[in-house]
Amino acid sequence: MVQGVGSNYYNPYYDTPPQQQQRRQEDNQTNPLLTIGGLLLASKGIDILSNHASKALIRGKEYTTSDNVAKVTKNMLKNNNLGVDVFFVNPENIERVSNQARISVKDLKEVAAGKNAFYADEIKVAVAPSAKPSLIQHELGHAINAKNPILRLLQNSRNYVAAIPTALIALNFLLKKTNKSNDETFIEKNAGVLGFLAYAPTIAEEGLASLRGIRAAQKTLAGKGVKFGALKKNYFFAWLTYLLAGVGLGIASKISVKTGIPTGMGI
Ligand SMILES: [Zn+2]
């Protein structure tokens, strides 16, 4: 007999005594509030990280001059036959851009302030802040993606993600109706992963839009001594906010299925 190893010693991994096993199972079943508390905390943590990523993006430096970005933009438009109108917005030209682009001043405010950029496929318009012109390359990456039917499907999937928690609750309700036992349903077990997977197409499409923007810059500005590190860094932080949003949707889905109350991201 090994010294110090008495009858109370059990290896925690494969030799758990039966009474303890039972207690652990009960713990799992009787602590839903603790679990939800943990999930809410995790959700808050994701929010904080996402805010940091957004701030890092806003603080990020431009990788090159606006003239060089204009060259990249021209090439992206021409080489992909995009037919997209591009606008660089600032507080001085916001009214004029609003009229020309047929986008409300309200929707352009964040762009003018350097905090957003977007591509509107319905009207084929891409906007970026004058202070951060390089964001336009990512937006034109979206415009290129939109020409491919499958990528366009990925792009549009984001319009449905807000409905995922409610959809999972409804599906779970149906599963429970047909499930006679008290076991966890497939949805209850996997709500987090399912929520994240629903967001995965958006994460992928965002990443691809950035890669297209980076590749276009590398091609257009090759041999001109331009370094692309700052561009990649900015685009990484932008992508990180999407990755975190996916994790956030996973957590929100889990909370929704556990409580039966639809919960959105960023609670
Ligand atoms: Zn994007």
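The values are calculated or read from the model by the stated rules, or taken from the named source; none is laboratory data. What you are looking at is a predicted structure, and each value in this text was computed from that prediction instead of being measured. Counting neighbours? That spans all protein chains shown, and the Cβs are built from the backbone with ideal geometry, glycine included.
Of note:
- Test: residue in segment 89-109 that is at pLDDT 95 or above, within 16 Å of the ligand (Cβ to nearest atom), of a type outside the set (D, E) and within 23 Å of T202 (Cα to Cα): no
- Some residue of segment 184-194 being more than 27 Å from D121 (Cβ to Cβ) and in a loop (DSSP other than H, G, I, E, B): yes
- Within segment 222-267, the residues that satisfy the criterion of being out of contact with any Lys or Arg (no Cβ under 7 Å at 6 or more places or on another chain), over 21 Å from A200 (Cα atoms) and hydrophobic (A, V, I, L, M, F, W, C) are A222, V226, F228, L231, I261.
- Among the residues examined, E205 qualifies as touching a residue at least 40 places away in the same chain (Cβ under 8 Å), within 16 Å of the ligand (Cβ to nearest atom) and of a type in the set (D, E, K, R).
- Members of segment 172-183 that are of a type outside the set (F, W, Y) and either outside any helix (DSSP H, G or I) or out of contact with any helix residue (DSSP H, G or I) (no Cβ under 7 Å at 6 or more places or on another chain) (or both): L174, K176, K177, T178, N179, K180, S181, N182, D183
- None of K219, K232 is farther than 18 Å from L151 by Cα, within 16 Å of the ligand (Cβ to nearest atom), surrounded by fewer than 22 Cβ atoms within 10 Å (Cβ to Cβ) and charged (D, E, K, R) except K232.
- Of everything listed in (1) free of Cβ contacts under 8 Å to residues at least 60 places away in the same chain; (2) farther than 23 Å from H52 by Cα; (3) part of a helix (DSSP H, G or I); (4) not polar (S, T, N, Q), the single unmet condition for G225 is (3).
- Matching residues in segment 121-171 - criterion: being within 13 Å of the ligand (Cβ to nearest atom), assigned to a loop (DSSP other than H, G, I, E, B) and not small (G, A, S): D121
- When K124 is tested against (1) in contact with a Leu (Cβ under 9 Å, 6 or more places away or on another chain); (2) crowded, with 20+ Cβ neighbours inside 10 Å, just one condition goes unmet, and that condition is (2).
- Some residue of segment 180-197 being surrounded by fewer than 18 Cβ atoms within 10 Å (Cβ to Cβ), more than 16 Å from the ligand (Cβ to nearest atom) and small (G, A, S): yes
- Of everything in segment 105-120 that is touching a residue at least 24 places away in the same chain (Cβ under 8 Å) and in contact with a strand residue (DSSP E or B) (Cβ under 6 Å, 6 or more places away or on another chain), the residue that is nearest to A143 (Cα to Cα) is Y119.
Residue by residue, here is whether (1) small (G, A, S); (2) within 30 Å of I261 (Cα to Cα) holds:
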{"position": "H138", "(1), (2)": "no, no"}
{"position": "R158", "(1), (2)": "no, yes"}
{"position": "E188", "(1), (2)": "no, yes"}
{"position": "A198", "(1), (2)": "yes, yes"}
{"position": "E205", "(1), (2)": "no, yes"}
{"position": "G213", "(1), (2)": "yes, no"}
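- Scanning segment 75-104 for residues that are exposed (fewer than 13 other Cβ atoms within 10 Å of the Cβ), part of a helix (DSSP H, G or I) and touching a helix residue (DSSP H, G or I) at 6+ places or on another chain (Cβ under 9 Å) returns N79, E95.
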